[in-house]
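Everything below concerns the one structure shown next.
Read-outs: derived from the displayed coordinates by stated rules, not from any lab. Keep in mind that this is a model prediction, so the values were computed, not measured. Positions of Cβ are generated from backbone atoms using ideal geometry, with glycine treated the same way; all protein chains shown enter the neighbour counts.
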Protein chains: 2
Amino acid sequence: MNSVRVFAPATVANVGSAFDVLGFALDAPGDIVEARISATLGVRGVRIVSITGDGGRLPLDTARNTAGVSAAALLEHLTHRDPKSYGEIGLELTIEKGLPIGSGLGSSSASTVAAVVAANELLGAPLSRMELIPFAMQGEQVACGAAHADNVAPSLLGGFVLIRSYTPLDIIALPAPTKLWVSVISPHLELRTQDARKVLKRTVSMDLAVAQWGNVAALVAGIYRNDVALMGRALEDRIVEPERAQLIPGFFDAKEAALLAGASGCSISGSGPSIFALSDSGEKAQSIGAAMTQVLNKLDLSSTLHISRVNQEGAQVLARA
Amino acid sequence: MNSVRVFAPATVANVGSAFDVLGFALDAPGDIVEARISATLGVRGVRIVSITGDGGRLPLDTARNTAGVSAAALLEHLTHRDPKSYGEIGLELTIEKGLPIGSGLGSSSASTVAAVVAANELLGAPLSRMELIPFAMQGEQVACGAAHADNVAPSLLGGFVLIRSYTPLDIIALPAPTKLWVSVISPHLELRTQDARKVLKRTVSMDLAVAQWGNVAALVAGIYRNDVALMGRALEDRIVEPERAQLIPGFFDAKEAALLAGASGCSISGSGPSIFALSDSGEKAQSIGAAMTQVLNKLDLSSTLHISRVNQEGAQVLARA
């Protein structure tokens, strides 16, 4: 095997009430990374040979590219463990961006996950998906200044994934509710995660915190029960959403339109500006998407709409050659 | 049918991280209430004829007794709905306290639940268990100044019960994990819920709040997965437990002893002073209970130990006559 081509899906993190602890994967869109064993003798480590679909914005420098950093960390780890097998290997990555940068759909995570899965497969799959998470998190550190797992973990594993704790890392794969449809609209404007973090308050009232963890608990129950109505009302977030919504033109109108069109719940995807809405049928998901699009159109804000179910298996190997 | 005798179980609320939103029912101990149709013609409403096991501390006055208030509210509601069937009925309640007052095991809730279930059965079971919750909550209002549902709901329904919201009331019955054993130790001292509320902070840091709702989410996942280890580590509560533990002599030593004896997790039951620990076998639950008892004994603090599984069906009709 000389090359592996992998698709990694977009993800919705900060799922309403479950700020910073929960994320889920979509079937589409996503990024594709092809990893190839370098044909040049004596070349070691990871090299990025091309990036497409990013408008020339992402660095080819391995040390500054999220996918490069993660794949290099994985190769280093394997080399340290087994120098004979991995010490002389050079990897070349080709990155095809399907996700817009800074949209709140886990764009950096998708590239990172596609890269580590492709590299791992190419090297004989020595690590499990769960074991790949810490390597993918190193890419997140480069992309947004914090080694979050709430995008990379669902992109790797599929379904909903809960990050209970970072020290120690405790990640719990939840089911992928089969009845759930997701309408995600991405306004064509960019929000940096760092900026979206700045609007957050440092403290929160005890009453709001209790209401929030009641909702988070109900969201997890809804996921296990495959109960879309419960998931929808459990999204209610009175702490983070009101702050971040200020950064997204038309958010409250789009949310109202989504709920009127039959959404069970609606909130901000990641740190925005994408907005996601939950419903229980593909038809409803389309109407909801159309309603949100109309709201943004009225504000002269162009956008891209995606209708998807929850991804069941995470990143997917497309081809081996 | 002239009388119905009902057992309602003790409950553990404020389950570690899930402060104010989650409770679960034990198989034992509990309270028993017998409801009887008054033989005296022309007597209406609810009358408490005797209370035993309370050391004479609970009021016989219906309007000041949690069980009396709840049963009267239920009878009033039914009378309002159907004056012909219920308007002329007088109910007599006999209360047998099995639970110590102010111990953090839902003592007032158990009497209240036993009373409303007994009254409802005696009147032909016009309401479901879920529909009885608001009436039982009226008793809680009398007992502790707030109409909480996190003890009455699990005592009525069994298993773990989540209170997502009070306005509107949104109560979600979670499963009763069959692998779970509970050791509950009640030191012989009394803590008033009101006093235990006073030590709570009004605000909490965002970081702690996020960690808490990650744990609450994991606790619900653990309940659905029947995963005792996950439930145990998800109990971690860095907000409420550190404050309330100050009111319970020996809490931290008892908790350490429980964990050393094999508990998956340990925290304060309700607003204390009872302490509960989770484990995955009856044998472990006994050792854990013994270890906690020893700690309290060393402090010259007498206590009562209960070993129980999670109650599966809630309050139980013992006899109809």
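The C-alpha atoms of chain A define a longest principal axis, and helix A:66-81 lies at about 50 degrees to it.
Among B:133, B:268, B:248, the largest mean-square fluctuation in a Gaussian network model of chain B (Cα springs under 10 Å) belongs to B:248. Computed about the Cα centre, the dipole magnitude for region A:181-309 is approximately 280 debye when only Lys and Arg (+1) and Asp and Glu (-1) carry charge, each at its Cβ. Sorting the segments B:43-54, A:147-158, B:253-264 by their residues' average number of neighbouring beta-carbon atoms within 10 angstrom, most packed first, yields A:147-158, B:253-264, B:43-54. With its label point defined 7 Å out from Cα along the Cα-to-Cβ axis, residue B:141 lies at 5.5 nm from the matching points of the other copies, in increasing order.
Among A:204-210, B:19-25, A:171-177, B:179-185, the peptide with the highest mean count of other Cβ atoms within 10 Å heads the list, and the full ranking is B:19-25, B:179-185, A:171-177, A:204-210. From the alpha carbon centroid of region A:116-134 to that of region A:1-44 is 11 Å. Size of region A:18-90: Rg and Dmax of its alpha carbons, in Å, are 15.4, 49.
For peptide B:155-166, compute the average count of partner chain beta-carbon atoms within 10 Å of each residue's beta-carbon.
Working: counts 0, 0, 0, 0, 0, 2, 0, 6, 4, 14, 7, 2.
What the average comes to for B:155-166 is 3.
Taking other residues whose beta carbon is less than 15 angstrom from the beta carbon of residue B:126, and scoring Lys, Arg as +1 and Asp, Glu as -1, yields -1.
Show which lysines lie in cross-link reach of residue B:179 when reach means a straight Cα distance below 23 angstrom and same-chain residues fewer than eight apart are skipped. Cα-Cα hits under 23 Å: B:255, B:284. Only lysines eight or more places from residue B:97 in sequence, or on another chain, were considered; none has a Cα closer than 18 Å. Take residue B:49, push a point 7 Å out from Cα through the beta-carbon direction, and compare it with the same point in every other copy: 9.1 nm, smallest first. With contacts taken as Cα pairs under 8 Å and at least 6 residues apart, chain B reaches a relative contact order of 26 percent. Note on B:174-180: average number of Cβ atoms from other chains within 10 Å of each residue's Cβ is 1.
Counting 0.36 nm for each residue step from residue B:167 to residue B:243 and taking away their Cα separation leaves a gain of 24.6 nm. With θ set to phi - 60°, apply the Karplus curve 6.51 cos²θ - 1.76 cosθ + 1.60 along region B:32-42 and write out the HN-Hα couplings as whole Hz, x wherever there is a Gly or Pro. Once θ is set to phi - 60°, the couplings for region B:32-42 become 10, 10, 10, 10, 9, 6, 4, 7, 7, 5, x Hz. Working from Cα pairs under 8 Å separated by at least six residues, relative contact order for region B:79-201 is 21 percent. Near residue B:38, the amide H atoms lying under 5 Å from its own belong to B:90, B:91, B:92; only residues 5 or more places off or on other chains count, and H is placed 1.01 Å from N.
When residue A:282 is represented by a point 7 angstrom out along its Cα-to-C-beta vector, the spacings to that point in the other copies are 5.2 nm, nearest first. Charge tally around residue A:249: other residues with Cβ under 11 Å, Lys/Arg +1 each, Asp/Glu -1 each, net -1. Annotation: amide H of residue B:52 within the under-5 Å range of B:95, B:96, B:97, sequence separation 5 or more or interchain, hydrogens built in the peptide plane. Would you mind checking the tilt of helix B:129-144 against the longest principal axis of the Cα atoms of chain B, expressed as 0 to 90 degrees and rounded to 10? Once rounded, one gets 80 degrees. Compute the helix-to-body angle for B:282-298: its Cα long axis versus the longest principal axis of chain B, expressed 0 to 90° and rounded to tens. Taking Cα atoms only, the helix is inclined about 80 degrees. Peptide A:199-207 shows a mean partner chain C-beta count of 5 within 10 Å per residue C-beta. Sequence-ordered 3J(HN,Hα) estimates for region A:241-255 from the Karplus curve with 6.51, -1.76 and 1.60 and θ = phi - 60° stand at 3, x, 6, 6, 4, 4, 8, 10, x, x, 4, 5, 5, 5, 5 Hz, glycine and proline given as x. Relative contact order for region A:3-175: what percent, with Cα pairs under 8 Å and sequence separation of 6 or more? Dividing the mean separation by the residue count of region A:3-175 yields 30 percent. Taking amide hydrogens as placed 1.01 Å from N in the peptide plane, the amide H of residue B:312 sits under 5 Å from those of B:159, each at least 5 positions away in sequence or on another chain.
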